[in-house]
Amino acid sequence: MNKRIGAIAGAATAAAAAAALVLPYANANSDAPPSPRAFAQQDAAKLGFTLASKLGENTAGWYYDGQADHLVVNVLDGKAAERVRAEGAVAKLVQNSLAELDSTTQTLDKSAAIPGTAWSIDPKTNKVAVIADRTVSGKKWETLKKVVTGLGGTASVERTDDEFKQFVRLDDGETDGGSETGGADDGGADAGTDGGADDGGTDAGTDGGSDDGGADAGTDGGADDGGTDAGTDGGSDDGGADAGTDGGADGGADGGGDGGGDGETTGLIGGQAIWSKDGGRCSLGFNVTADGAPAFLTAGHCTAHADTWAARPGGETVATEAKSEFPGSDYALVKYNDANTKPKSAVDLQNGTTQEITQAAEASVGMEVQRSGSTTGLHDGKVTALNATVHYKSGGTVKGAIQTDVCSESGDSGGPLFSGNSALGLLSGGGGDCDQGGRSFYQPVTKALEATGSELGGGDGGGGGADGGTNTGGTNTGGTNTGGTDTGGTDAGTNGGADDGGTDAGTDGGTDAGTDGGTDDGGTDEGTDGGTDEGTDGGTDDGGTDEGTDGGTDDGGTDEGTDGGSDDGGADDGGVDEGTDGGADDGGPLSATRAITPVAPLAPRR
């Protein structure tokens, strides 16, 4: 063998040896589990429900890790872990099965159903998390600890300084044990004189600051951004139903109040106030259609308090309870008295815009959510547990609830929990407040829809605004709605910008009482001007009769008042606008879609 042939043979031998070493490792690497995928929230929910269904008793819950965008699935054995990893999710080996955790909750139901307690299966800890509020003390606290200790490693217990209660506001202003006066008011009821900013409560006194979204029963001397004014408002009113004398410009975009002509009204939308005859207040959840009739869902404990509801304090009854359940569950179906009502399937974002609701979905742990209410406005957070049980101190137990870290206060009861364009739940109650934070519990909307035989969507309520953006396609009214000040009109609807064709049933010197959200399309103003005009105006009164709503191009609505200023709400088409203007409107009833329904991105946070 010559040297060249020997060298070649030696190289081949070395290469074969190297291959023998490398190939086993290459094969090992090919068998390595794939790295976890990053999931969008809605995609994670789809896969989580699918895996739980396929793996059955070999899983013990799942949750969405929003920081890493991972789906985490609890599993009980290696085979289930492999299947989970193959789908790109994180497999977490845990000790307690769902059957064991369910048995733990049953023991708690029998032995520790103490008012002021709540519990739920926490997939992050693989235990039943028990919470006791501040009212659980003495023998009750000792009993609870003893029961939990006896459950071994399947349960844990903690104390909270909150008090679990329903969030209906009664006529005496009490359900949360306090009132807010002076300084910034972010959602409570002012029974005295408020000298700061009022962001969403019921003012029963004189408000000297800005009012951002509650019901004013007194005299408001600041900017009113979206509530129901039952007194005299001396600032600018940016949305909401004014039942008194309004001295400011209406620039919001609420979806309630009276609609256009042809005998149709637009109704209210999710998150707006509903009032009982004695002054109690809750919030509307979602508009629905039941047996072909327009209706809405709210909390069952609200209708346990009253069965008829108005759009403003002391106003005409607009809806009557048809079916409800509380305790056990917490939902109510309330039908609009006027069969011609065409309410939008939307939620009030409490900032002059609305979020269209097109579907119902199941919540999932870790899901980012938002909640709208007539007291505290819009707040967001995450789902922390499902199938929760809560025993309210005031009486009544609700099971199967969605638990979140979103705050709420009295008057927010019944309001909508949603994620993007998906309806999730109806506020039942909770603890804490929106100053210090808290937790809240919700009736799943899918179960409420099924129990009441209803579908999302209240008809083909005209106008839009349910697009999560600005309600009129730009700035809400092109400036202030009336170009000046409002010197004394009664807004009987929920105003939200310029006038979209609503009927002004009071004395309006700013905007009128239609469901405003953008331009004035030709409604009939029946009020008398208390300063400047009676339609959508607010400048000086030149004494003439204006047959449209001035401020843009007037093509023909009938304005029975005297217009002395300009209406900057946009162009007046001369037609009848039957809904809340400002965005696209899809029309008809929307059927409930279950867990696998995609969830659209959230609206901008506040």
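The values are calculated or read from the model by the stated rules, or taken from the named source; none is laboratory data. In this text, all values refer to a predicted model and were calculated from it rather than measured experimentally. Please note: Cβ atoms are built from the backbone with ideal geometry, for glycine as well, and neighbour counts cover all protein chains shown. These area figures cover heavy atoms from the full protein model, side chains too; ligands, DNA and RNA do not enter into them. Shrake-Rupley method; radii C 1.70, N 1.55, O 1.52, S 1.80 Å.
For the range 163-172: of the residues being in a loop (DSSP other than H, G, I, E, B) and crowded, with 21+ Cβ neighbours inside 10 Å, which is modelled with the highest pLDDT?
PHE164
Any idea which residue in the range 276-319 is most open to solvent (accessible area, probe 1.4 Å), counting only those that are of a type in the set (D, E, K, R) and more than 24 Å from ASN421 (Cα to Cα)?
LYS277
Matching residues to (1) under 21 Å from GLY271 (Cα atoms); (2) open to solvent by 40 Å² or more (accessible area, probe 1.4 Å):
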site	(1), (2)
THR384	no, yes
GLY395	no, no
ALA401	yes, no
CYS407	yes, no
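Only strands (runs of 3 or more DSSP E) wholly contained in the range 267-342 count here; list those with 3 or more residues that are modelled with pLDDT of 95 or more and under 20 Å from TYR442 (Cα atoms).
Per the criteria, 281-283, 286-290, 293-298, 317-325, 331-336.
If you go through the range 143-161, how many residues are in contact with a Lys or Arg (Cβ under 9 Å, 6 or more places away or on another chain), more than 23 Å from GLY432 (Cα to Cα) and among the polar types (S, T, N, Q)?
Within the range 143-161, residues that are in contact with a Lys or Arg (Cβ under 9 Å, 6 or more places away or on another chain), more than 23 Å from GLY432 (Cα to Cα) and among the polar types (S, T, N, Q) number 1.
Restricting to the range 320-356, what's the tally of residues that are aromatic (Phe, Trp, Tyr) and either open to solvent by less than 50 Å² (accessible area, probe 1.4 Å) or under 20 Å from the mean Cα position of the chain (by Cα) (or both)?
2
Return yes or no: is LEU417 in a strand (DSSP E or B) and within 11 Å of the chain's Cα centre (by Cα)?
For LEU417, the condition - in a strand (DSSP E or B) and within 11 Å of the chain's Cα centre (by Cα) - is met.
Can you pull out every residue in the range 127-144 that is open to solvent by less than 30 Å² (accessible area, probe 1.4 Å) and closer than 21 Å to SER440 by Cα?
Residues satisfying the conditions are VAL128, ALA129, VAL130, ILE131, ALA132, ASP133, VAL136.
Please enumerate the residues belonging to the range 76-91 that are small (Gly, Ala, Ser) and either surrounded by 17 or more Cβ atoms within 10 Å (Cβ to Cβ) or in contact with a helix residue (DSSP H, G or I) (Cβ under 6 Å, 6 or more places away or on another chain) (or both).
Listed by number, the residues that qualify are ALA80, ALA81, GLY88, ALA89, ALA91.
In the range 382-414, which residues are in a strand (DSSP E or B), over 15 Å from GLY300 (Cβ atoms) and of a type in the set (D, E, K, R)?
Scanning the range 382-414 gives a single hit, LYS382.
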